[in-house]
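Report on the following structure.
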Amino acid sequence: DHAAGRTFGGTALSNPMKALAEIEPMLLRARKTVGGYLVSGSLPWVSHIAPGQYCGAIARVHRDDGTPSHEIMFILRCDPPVELRPCPHFSGMEGTSTFGIRLDDYFVAEQDLVADPARPFIKRIRGAFILLQAGMAVGVIQGAVDSMREVEPALGHVNRHLSDRPDEIQAELDELTAHALLLAQTPFEQDPDYFLDVLDTRAQGAELALRANFIAIVTPAIKHLRWEMARLSREEMPA
């Protein structure tokens, strides 16, 4: 149903992926109980969810003495008693259906477990998960390039002084997209060199998205400065 678009859900994997990389602590804790697990904790940002929907989440299981045992991945259903907290209003976030999630002894039945333990499964899907984010970067960058080209007839004489031009960004985007599509042909490859390539591609996408959108949105002052510099240089040059 999810793959066919008949139901909607998101991923609550931002914190777990960072936690497994030892960047930040795991925010969801679980303990074993009859028929499944009880999960408690809070996730401040989970996108593409709403009441009545669901997401994939990960919690760290703790033994009775409080020591960590392993992690579980499970379907988290966004129904009571799960508490969804609307996030503060930020420009550009309102269309992402992002909520904070609060769990207090949320029961995860065995049939809702995706992986127990979770780490072998995460190792298998992490490349595909990160490549999905590369797709977001491609869309954002292409939108920025389209915006640059849209104003070219009116502002091209000024924008030509910018160091990054639409054709240059487009060429880099096309190369990045082709490489991401090549990597996507083997999304479950577990070779470390493959995963390193995936991470590098994802990082390049983020950096190019920042460049493209900085040029498309933030640089009027910069291009004004460069326009004035070019004008002054022409005036200072002898005929």
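Structure above, values below:
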item	result
Some residue of segment 85-100 being outside any loop (DSSP other than H, G, I, E, B), surrounded by 13 or more Cβ atoms within 10 Å (Cβ to Cβ) and in contact (Cβ under 8 Å) with a residue 60 or more places away in the chain	no
Close pairs (6 angstrom Cβ cut-off, 6 or more residues apart or separate chains): over 15 Å from L103 (Cα atoms) and assigned to a strand (DSSP E or B) in segment 24-40, modelled with pLDDT of 95 or more and of a type in the set (V, I, T) anywhere	G36/V108
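The values are calculated or read from the model by the stated rules, or taken from the named source; none is laboratory data. Predicted model, so just to flag it, every value in this text is computed and none were measured. Neighbour counts run over all protein chains shown; Cβ positions are idealised from the backbone, glycine included.
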